[in-house]
Every structure is written in structure tokens, then in C-alpha cells.
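A short worksheet on the structure shown next.
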Amino acid sequence: MTLIENKINEVIKTAFEKAGFNEDLLGVKPSTHADFQCNDALPLAKKAGRNPREIASEIVENLKNSDVIESAEIAGPGFINLTLKNDFLSSVVEQIDSDKKHGFVKYDAKQTVMLDYCSPNLAKELHVGHLRSVIGESVKKIEQFCGNETIADNHLGDWGTPLGKIICELEIEQPELCYFDKNKTEDYPEESPLTVEELGALYVRANLRCKEDEEAATKARIATAELQGGRAGYRALWKHFVNISINDLKQLLSRLDISFDVWEGESMAQDILDNYLMAELEPYTEMDSGAKIISLKEFETNKTLPPVLIVKTDGGYTYHSSDLAALHRRINHYKADKVLYFMDARQSLHMEQISLAAKKSKIIKENNPIVFCGFGTVNGKNGKPFATRDGGVATLRSLIEEAFNKAKDILPKAGAEHSEEEINTLAKQISVGALKFNDMKNPRTSDYVFDMDAILSFEGKTGPYMQYAIARINSILDKAEGLSLDSKIVIKEKEERSLAMQIDAFAKAVNKAYENKDPYFIADYSYELAKSFSSFYTACPILNNDNEEEKLSRLHLAKAVREILITSLGLLGIECPYKMLRG
């Protein structure tokens, strides 16, 4: 609950206790007829066999002379509408403004939380769907804000059949490379034979060849098995490809201010499975047509659950087994209390299988640490997954570039007033803020339509609008240079009251985001706060005000709003330019 709600509930509880009721109460809720509404008289009256309006009358009488409640009025069969005192609202805002966390209090114990998001495949360009990695990055910041330790893992797909396809294609095109000499086992070149761009192009050719040629596909599967079996030349190539891919991914993701603590690919699962996990899983596995599986039949209720494939008929491990190995490492090596998986919502069955197999095999104990945080798809205006104009898959790289260029177009040209560096920095802040806010203003599980022109607008529920709201407050406070920004807050007008309520709602928004692992609640809250400030600014003069007390009070309110907006956007991973320029 918020500070206001906590205090009102304390007051209401005391009023009911004076009337002889010591039961647990439902608590107050926001009302359209007053600030809050209390409905507890109705269920208590039913239990006591009394008239609810009679009980409500006793409560209203007990609320007289409260330093919190201005008025309490009975409505309908026994509802109590509550209006708060202005002095109480003023004191709450001052308390929130003096607190670095703006009134937020975390009640559960500190945890170590591991987050799995982005999870790209080696040699494949990140696509528009990877934009949703901003959700995991934001939740990481929210977890930290709430006092938890975090470990972010970009779980790289670096160990499957695509590697075998790439190796075989490279041998066809450059058979003279030393990596294909079976007799050579060491002293390989330090530099990769391919750039990351060449690697991506090679994978496309390799994938096409294997689709059209079954013999090539068979060779790729054999090469994959040899790589996983430890063939030296293949392992050397693999290390090159992993290194250049990770370096490129780090540079690309840094453009969205996304970073990871750990880059542990699927390859790590090989050693874990070989050295000890297969032995631990053995009592829970069974053979099925030559493959080793973990059956989930005992968990079935109203639907059939496919078995978890641990070892294929050819002896190779699977995505299921590598995910179980990664989970085992996260719990036992990193001591994670919670593991959050941010994936396409369509992966829900896969994650259910992993969770149940981990439960059955005792990888996870009674307190299930797995939280599947499924997200929706990024769609074009036609409602289908977002694509380029020629119908191809839109890459994350091209999306970032397009947003940057469009943001730069709406800014002044570099010249005497603004340097090229200043314009580029601002264009980056605006474009990245636009991409992120547009993604997180929607509930995590929702699909949403991506419209580049709309997201860069300075009007409506957009990143630029939010950044401009902060810049506008900065301008107001700059013009108030020399005046106190911490004077006593005196709330009188309805717009000031509404703004105070919005300021108080920050803690609840963070709590909802934390509980649901969804930054949407903070994005939505910050927009409502910015709108409330805009209404306040229009109705309540600040600098052009001859009443010194009101002027200083409203400056303090403006400062409080700015700090909360900066914190809110910071939790979304959005930078707040001090000034916003328009071309």
C-alpha cells in the first residue's frame, strides 16, 4: 500500500475498534465520489445482524477530529466516502520527497535473482523481437531498486546443429584452412578466419544448402557431434565464432544500454551433463524408441504433457537437457533464489516441461525458483510480426539505426549553437527512450503494434513526451534560481490534491512491477504522473505567482515530481536529457 493508504487504514481500524469491531478489515479503496471509500460496515453488519448504516454512523462519529480525514459521509446502504485533509496530503508529499526511494518499502527478504533474457543464437542477427530484451533489463533494475542482488545472463545458443552447418559450409568454401586437418590438434591462429558479418552470411548459405541437400544436412549433424565430442579444429573455430559474436552483440546491445553479468552459452551444458548431471537425472529417466526421456505423466491433469527429451537417439543432448543443466548451475553455482526467464509467451509449454522435469529430478526443491515471464510479439500495422518493407525480418540493428536517424531529423542541425556531439547524444537518448517506452508502456504479455513515427512523437504516451515533461520541470526550476526548492508544501487546489495522490502512488506502481515482473506498471504510472503535473501546471501558476508561500510550495511539488519521474524512467532504463531541443 501507499503511505496515504497505510495511514487511512490505521485510522479506520482505530475507528472500528472504538465501535467494538476488532476483525480484519477489507481496507479502503479509491473512490470516484471522494478520495477513498470504506465498505467494511456492510460485511460487519451482516455478521453482527445489524443495520450497516447504523454501524457506518458510529464509524463516521469516531472519525471526527481526525488529523487525516477532513470529512466522512455515508452513502447508499452503508458505504463511507472519505475526503482527506490538505495538511495531511502536504505532509505525505514532504515525507516522500525526503526519501530516496519515494516512499517505497520492500517487505520480503533480500534474494539473489538470476535473469535470463535476450538469449540470441550464434551467427544469427538479432531481430525485432529481441527489442523485448528491454523488459528483462528493466526488471533487473527494479529488482536492484527493491534490494535484491541480480545476475543477468545472456544465454547464447552456441552448441547446436547450426554450428555444424557453418563448419561444413566453411570447409566447402575454404577447404585449405588448417582447422579441417584432422591430424592438427594445436597452434591454431589467434584471429578468426571470418568477420562477424561474414559469419552471418555464411550461416545463411549453410542453412539454405542443408535445406536443399539431405546429404549436406547429414554431414552437418556429424560435424556437430564431432564438435561436441572435442575435435580440436572444430573447437578452435567454435571459440573464434563465439568470441566475435559476443563482441558484436555487446556493442549492439550497448546501444540500448543493455548489459549482462554472464554470457554462458549452451556449450557449458555439455560438461555439466557429462560430468555429473546425467548421473543425477538417471533415476528419473526412461527409454523411449531409443531416446532417453523424463516422463511428465504424473503431472497431467486436464492436458497431455509431452515428455522431456534428454538424450536423442544419436546420443546427442537436447535443448531440454541443456536448459536443465543451465538451471542446475544457476541454483547450485550462483545460489539463485529465483530464476526469471524472459521469453516469447509461445515458449510457455517448453518452460513448463523444464520446471516439472526439474521438480521431478530434484534439481529444484519445494520452493520453486522458476518464474516464466512470457512476453507478446512486436507487430506491424497489419497486425502481423513486424517486417521490413520488402517483407524480410526486421533486424534490431536496423530498428535502432532508423530510430536514431528519425530522432536526429527532428532536432536542430549541428552548428554554432549545438555541436555534432550534443545532437548525436540527444538523438540517442530520444530514440532509445522512444523504443523502450513504447515497448514497456504495454503489458508484458500483450502483443503490440510498432509504428516508428508514432513512438517518436512528443505528444501522447511516448518516450519523448516523458523526457520533455522532465526537461520542462528542469526549465521551471532553473528560472527559480535562488529560491528554495524545499519550502513547506501547502496544498489547497484540486489539481494540487490530485498531484499529491499521484506522487503517493509511486510505491504501489513499483510494487506491482516487482510482483508481476512487468515494467508496464511503472511506465503507465509515470505517464499518469506527467499528465497530472501538466494539469497542475496549467491550473496553478508557479513562477508568475505573487503569493510567495504558494510559489515556493509549488516549486517544491515540481521538484518532487521531477525526482520521481527521473527514478521511474531510470527503472525503465531510459535516460532523461536535461534539455530537449526541437528542430
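Here, each number is a calculation from the coordinates, and none is a lab measurement. From a predicted model like this one, the values you see are computed outputs, not experimental measurements. Because the Cβ atoms are built from the backbone with ideal geometry, glycine has one as well, and the counts that use them run over all protein chains shown.
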Degrees, to the nearest 10: 133-145 long Cα axis against longest axis of the chain
50 degrees
Under the classification rounded if a/c is under 1.5, otherwise prolate if a/b is larger than b/c and oblate if not, where does region 281-392 fall, given a ≥ b ≥ c as square roots of the Cα gyration tensor eigenvalues?
prolate
If you find the alpha carbon centre of region 259-306 and of region 63-132, how far apart are they in angstrom?
40 Å
Less than 17 Å apart at the alpha-carbon level, and either on another chain or at least 8 residues along: which lysines does that give for LYS292?
LYS312, LYS360
Ratio of the Cα radius of gyration of region 191-270 to 2.2 N^0.38 Å, where N counts its residues:
1.26
Any idea what angle helix 396-409 forms with the longest principal axis of the chain, computed on alpha-carbon atoms, 0 to 90 degrees, nearest 10?
50 degrees
Matching label for the computed Rg/Rh (Cα atoms, Kirkwood Rh), out of [x] 1.06; [y] 1.03; [z] 0.98, is [x]
When we measure straight from the Cα of LYS85, which aspartates and glutamates land under 15 angstrom away, once same-chain ones fewer than 8 places off are left out?
GLU5, ASP35, ASP67, GLU70, GLU73, GLU94, GLU493, GLU495, GLU496, ASP504
Filtering chymotrypsin sites (Phe, Trp or Tyr not before Pro) in region 73-147 by DSSP loop and by at most 11 other Cβ atoms within 10 Å leaves TYR107
To the nearest 10 degrees, how steeply does helix 494-504 sit against the main Cα axis of the chain, on a 0 to 90 scale?
40 degrees
Debye, to nearest 20: dipole size of the chain, +1 on Lys, Arg Cβ, -1 on Asp, Glu Cβ:
1100 debye
Specify whether the C-alpha gyration tensor of region 357-397 places it in the rounded, prolate or oblate class, a ≥ b ≥ c being the square roots of the eigenvalues: rounded for a/c under 1.5, otherwise prolate if a/b is larger than b/c and oblate if not.
prolate
Global form of region 329-373, assessed from the alpha-carbon gyration tensor, a/c cut-off 1.5
oblate
Treat every Asp and Glu Cβ in region 26-92 as -1 and every Lys and Arg Cβ as +1, leave all other atoms uncharged, and give the resulting dipole magnitude about the Cα centre to the nearest 20 debye.
340 debye
Taking alpha-carbon centroids only, region 351-393 lies from region 420-454 a number of Å equal to 23 Å
